[in-house]
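Participant: Next up is a structure, given as structure tokens.
The values are calculated or read from the model by the stated rules, or taken from the named source; none is laboratory data. Worth saying up front: this structure is predicted, and the values here are computed from it rather than measured. Backbone-built Cβ (ideal geometry, glycine too); neighbour counts: all protein chains shown. Side chains included, ligands, DNA and RNA excluded: accessible areas come from the protein's heavy atoms. Shrake-Rupley method; radii C 1.70, N 1.55, O 1.52, S 1.80 Å.
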Amino acid sequence: MASPPRIVVVGSANVDLTTFVDTFPRPGETVFADRFDLGFGGKGANQAVAARLCGAEVEMVARVGDDLFGPATREHLRTLGVGVAHVQQVPEVSSGVAPIFVDSSGQNRILVVPGANGHLRPDDVDLAEELIRGADALVLQLEIPLETVYHAIAVAKRHGVRCILNPAPGQPLDLAKVSAVDYFIPNETEAEVVAGRPVKTVADAEACGRALVAKGFAAVIVTLGEQGAVLASGEGVVRIEPFPVVAKDTSGAGDAFIGSLAVFLAEGRPEADALARASLFAALSTTEVGTQKAFASRQAFEDAWTRRASG
Ligand code: RIB
């Protein structure tokens with residue numbers, strides 16, 4: 001049997017505080033919300049957990065705070081089998097937290113308080129260089145300092161390691177420092193920020209993908225929620241069809257897509273097949289509440305993949 005893919009994630013770990021509500025209070029007003037959920041999140045940790053659940057050996061490079069959430073996050077990742085030797089605690093700083101608001105259609109709005117994530121430095125990446133060198137893929141997002149992201153990309157490229165960057169939350173980037181990644185995977189709003197053009201429709205996303213490829217990216221995948229995604233590369237643009245599901249909570253669906261895609265690609269699957277699988281893994285994650293806790297096991301995913309193939 002082939003050995004499992006090895007994935008390193010350099011990124012954030014948060015605790016998600018999710019409130020289910022359709023009406024937001026006006027200044028000075030108090031309103032009741034429907035429900036609350038507490039769970040482990042953070043784009044980096046979500047992607048690490050998605051990759052782990054898909055069967056990869058995963059190491060996380062991250063920082064947590066010295067509050068209640070820090071040790072709990074480390075222990076949670078460790079229990080799932082994610083390597084935490086490079087998940088360090090920062091004294092006198094809170095862990096990252098994310099107040100999330102989900103409406104009755106399952107759509108989310110997310111605030112992120114970075115806390116300890118803001119203390120992940122290029123030195124932390126250097127300490128994990130041997131792990132990165134031996135990995136099948138390095139996965140990155142933008143909830144940590146940009147200089148750390150830029151440095152991690154340079155380290156991965158120096159060792160010829162596939163690099164996947166999810167530019168979330170959207171922010172202006174030094175394209176010269178990020179365009180070397182193998183896959184650049186924004187959603188609509190992140191694509192708008194980076195490309196400086198509106199992405200309201202599938203056609204906009206295709207044009208945006210083409211524009212980013214013209215700026216030097218090898219492959220750009222713009223994820224479009226229930227409309228699927230588009231892949232732009234030197235070979236043109238292709239649609240990645242969505243899998244229709246009844247969504248309860250879309251939080252973390254992009255992370256499910258990215259973490260699982262890293263594994264499906266590392267397994268040597270053809271790109272189109274890897275993308276279709278990641279699209280289903282992401283769709284399944286929206287059918288349950290929360291982020292990591294909503295991700296499917298590999299077996300549950302394979303069962304759904306087989307059901308989809310048989311009609
Ligand atoms: O992508 C979803 C994630 O964004 C949440 O888990 C939250 O922590 C924020 O990082």
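Participant: Could you please find all residues in the range 34-52 being open to solvent by 50 Å² or more (accessible area, probe 1.4 Å) and either closer than 11 Å to ALA13 by Cα or away from the ligand (no atom under 14 Å from the Cβ) (or both)? Show your work before the answer.
Facilitator: Of the residues in the range 34-52, the ones open to solvent by 50 Å² or more (accessible area, probe 1.4 Å) are 34-36, 38, 40, 52.
Matches in the range 34-52: ASP34, ARG35, PHE36, PHE40, ARG52.
Participant: Can you report the number of residues in the range 107-136 which are part of a loop (DSSP other than H, G, I, E, B) and either touching a Phe, Trp or Tyr at 6+ places or on another chain (Cβ under 6 Å) or open to solvent by 40 Å² or more (accessible area, probe 1.4 Å) (or both)?
Facilitator: Step one: of the range 107-136, the residues part of a loop (DSSP other than H, G, I, E, B) are 107, 111-112, 114, 120-121, 128, 134-136.
Now restrict to residues that are either touching a Phe, Trp or Tyr at 6+ places or on another chain (Cβ under 6 Å) or open to solvent by 40 Å² or more (accessible area, probe 1.4 Å) (or both): 107, 111-112, 114, 121, 136.
Selection size over the range 107-136: 6.
Participant: Next up: When you check GLU75 against the structure, is it surrounded by fewer than 20 Cβ atoms within 10 Å (Cβ to Cβ), of a type in the set (Asp, Glu) and farther than 27 Å from ALA56 by Cα, yes or no? Spell out how you get there, then give the answer.
Facilitator: Working: surrounded by fewer than 20 Cβ atoms within 10 Å (Cβ to Cβ): yes; of a type in the set (Asp, Glu): yes; farther than 27 Å from ALA56 by Cα: no.
It is false that GLU75 is surrounded by fewer than 20 Cβ atoms within 10 Å (Cβ to Cβ), of a type in the set (Asp, Glu) and farther than 27 Å from ALA56 by Cα.
Participant: Hey, another quick one. Do we have GLY268 as over 28 Å from ILE110 (Cβ atoms) and assigned to a loop (DSSP other than H, G, I, E, B) here? Give the steps one after another, and end with the answer.
Facilitator: Working: over 28 Å from ILE110 (Cβ atoms): yes; assigned to a loop (DSSP other than H, G, I, E, B): yes.
So GLY268 passes the test.
Participant: If I ask for residues that are within 17 Å of the chain's Cα centre (by Cα), of a type in the set (Val, Ile, Thr) and part of a strand (DSSP E or B), which ones from the range 82-106 would you list?
Facilitator: VAL97, ILE100
Participant: Here's something else I'd like to know. Could you say which residue among ALA283, ALA276 is modelled with pLDDT of 95 or more, in a helix (DSSP H, G or I) and within 16 Å of the ligand (Cβ to nearest atom)? Steps first, please.
Facilitator: Working: ALA276 fails: within 16 Å of the ligand (Cβ to nearest atom).
Among ALA283, ALA276, only ALA283 is modelled with pLDDT of 95 or more, in a helix (DSSP H, G or I) and within 16 Å of the ligand (Cβ to nearest atom).
Participant: For the range 11-18, does any single residue satisfy the condition of being among the aliphatic types (A, V, I, L, M), within 16 Å of the ligand (Cβ to nearest atom), in contact with a helix residue (DSSP H, G or I) (Cβ under 9 Å, 6 or more places away or on another chain) and open to solvent by less than 50 Å² (accessible area, probe 1.4 Å)? Give the derivation first.
Facilitator: Filtering the range 11-18 for residues among the aliphatic types (A, V, I, L, M) gives 13, 15, 17.
From what is left, the residues that are within 16 Å of the ligand (Cβ to nearest atom) are 13, 15, 17.
Subset that is in contact with a helix residue (DSSP H, G or I) (Cβ under 9 Å, 6 or more places away or on another chain): 13, 15.
When the remaining residues are screened for being open to solvent by less than 50 Å² (accessible area, probe 1.4 Å), the result is 13, 15.
For the range 11-18, residues among the aliphatic types (A, V, I, L, M), within 16 Å of the ligand (Cβ to nearest atom), in contact with a helix residue (DSSP H, G or I) (Cβ under 9 Å, 6 or more places away or on another chain) and open to solvent by less than 50 Å² (accessible area, probe 1.4 Å): present.
Participant: Also: Look through VAL199, VAL139, VAL213, VAL222 and report the one residue that is buried (at least 18 other Cβ atoms within 10 Å of the Cβ) and part of a helix (DSSP H, G or I). Steps first, answer last, please.
Facilitator: Working: VAL199 fails: part of a helix (DSSP H, G or I); VAL139 fails: part of a helix (DSSP H, G or I); VAL222 fails: part of a helix (DSSP H, G or I).
Answer to the selection: VAL213.
Participant: Something else now. Restricting the search to the range 54-72, which residues are within 15 Å of the ligand (Cβ to nearest atom) and buried (at least 24 other Cβ atoms within 10 Å of the Cβ)? Lay out the reasoning, then the answer.
Facilitator: Residues of the range 54-72 that are within 15 Å of the ligand (Cβ to nearest atom), as a first pass: 60, 62-65, 69-70, 72.
Across the range 54-72, the qualifying residues are MET60, ALA62, ARG63, VAL64, GLY65, GLY70.
Participant: Then there's this: Can you say whether VAL84 is of a type outside the set (Gly, Ala, Ser) and within 16 Å of the ligand (Cβ to nearest atom), as far as the supplied structure shows?
Facilitator: Working: of a type outside the set (Gly, Ala, Ser): yes; within 16 Å of the ligand (Cβ to nearest atom): no.
No, not satisfied.
Participant: Within the range 146-170, can you find the residues that are open to solvent by 10 Å² or more (accessible area, probe 1.4 Å) and either assigned to a strand (DSSP E or B) or more than 15 Å from the ligand (Cβ to nearest atom) (or both)?
Facilitator: Within the range 146-170, LEU146, GLU147, TYR150, HIS151, ALA154, LYS157, ARG158, HIS159, GLY160, ARG162 qualify.
Participant: Turning to a different aspect of this structure: Can you work out which of the residues in the range 157-213 that are under 19 Å from the mean Cα position of the chain (by Cα) and acidic (Asp, Glu) is nearest to LEU142 (Cα to Cα)?
Facilitator: If we take residues in the range 157-213 being under 19 Å from the mean Cα position of the chain (by Cα) and acidic (Asp, Glu), then GLU190 is nearest to LEU142 (Cα to Cα).
For (1) under 25 Å from VAL230 (Cα atoms); (2) within 13 Å of the ligand (Cβ to nearest atom); (3) in contact (Cβ under 8 Å) with a residue 24 or more places away in the chain, each residue gets a yes or a no:
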site	(1), (2), (3)
GLN89	no, no, yes
VAL97	no, yes, yes
SER104	no, no, yes
ARG109	yes, yes, no
LEU120	no, no, yes
ASP136	yes, no, yes
GLN141	yes, yes, yes
THR189	yes, yes, no
GLU192	yes, no, no
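Participant: Could we say that GLU302 is under 30 Å from ARG78 (Cβ atoms), part of a loop (DSSP other than H, G, I, E, B) and open to solvent by 40 Å² or more (accessible area, probe 1.4 Å) here? Steps first, please.
Facilitator: On the way: under 30 Å from ARG78 (Cβ atoms): yes; part of a loop (DSSP other than H, G, I, E, B): no; open to solvent by 40 Å² or more (accessible area, probe 1.4 Å): yes.
No.
Participant: Here is a follow-up. Looking only at the range 247-263, which residues are open to solvent by less than 30 Å² (accessible area, probe 1.4 Å) and within 20 Å of GLY11 (Cα to Cα)? Let's see the steps before the verdict.
Facilitator: Step one: of the range 247-263, the residues open to solvent by less than 30 Å² (accessible area, probe 1.4 Å) are 249, 251-253, 255-263.
Residues satisfying the conditions are SER251, GLY252, ALA253, ASP255, ALA256, PHE257, ILE258, GLY259, SER260, LEU261, ALA262, VAL263.
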